[in-house]
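K.L.:
What follows is a structure written as structure tokens; I'll ask about it next.
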Amino acid sequence: MKFTIEVIGWTGAALILGAYALLSAGRMRSDSAAYHLMNILGAAGFVINSGWNHAFPSAVMNVVWIGIGVYALAQRRKAPVAATS
């Protein structure tokens, strides 16, 4: 079980770092669903890993991170679609 938790944590780290790297390289937009989903899933991996390892400040911070991502996705769905010319 410990190995699985470590893999989940490292996968979470890869998702968050990957999202940031792609954003910084101009390969991903900050308002894209993929960006928010990578952050949400990555933070979920950290919550699982942090909770398992009793690193509760990190777990709580990542729960907030997930909340921000979910809020951003919800706002994205509410935003009107821009007309193309």
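K.L.:
If I ask for residues that are surrounded by fewer than 14 Cβ atoms within 10 Å (Cβ to Cβ), polar (S, T, N, Q) and under 24 Å from Ala74 (Cα atoms), which ones from the stretch 1-53 would you list?
P.N.:
Hits for the stretch 1-53 are Ser24, Ser30.
K.L.:
Let me ask another. Could you list all residues from the stretch 51-61 that are free of Cβ contacts under 8 Å to residues at least 12 places away in the same chain and part of a helix (DSSP H, G or I)?
P.N.:
Of everything in the stretch 51-61, those that are free of Cβ contacts under 8 Å to residues at least 12 places away in the same chain and part of a helix (DSSP H, G or I) turn out to be Gly51, Phe56, Pro57, Val60, Met61.
K.L.:
Give me the pairs, please: first residue somewhere in the stretch 4-17 and hydroxyl-bearing (Ser, Thr, Tyr), second residue anywhere and at pLDDT 95 or above and surrounded by 17 or more Cβ atoms within 10 Å (Cβ to Cβ), beta-carbon distance under 8 Å, and either six or more positions apart or on two chains.
P.N.:
Note: pairs meeting the criteria are Thr11/Gly42; Thr11/Gly45.
K.L.:
Please work out which residue is nearest to Ala59 (Cα to Cα), limiting yourself to the stretch 1-33 and to residues that are outside any helix (DSSP H, G or I) and in contact with a helix residue (DSSP H, G or I) (Cβ under 9 Å, 6 or more places away or on another chain).
P.N.:
Residue satisfying both the conditions and the ranking: Met1.
K.L.:
What are the residue pairs meeting all of these: first residue in the stretch 62-85, first residue closer than 14 Å to His36 by Cα, second residue surrounded by 10 or more Cβ atoms within 10 Å (Cβ to Cβ) and modelled with pLDDT under 75, Cβ atoms under 8 Å, and 6 or more apart or on different chains?
P.N.:
Every condition considered, no pair remains.
The values are calculated or read from the model by the stated rules, or taken from the named source; none is laboratory data. Given the structure is predicted, the values throughout are model-derived calculations rather than measurements. Backbone-built Cβ (ideal geometry, glycine too); neighbour counts: all protein chains shown.
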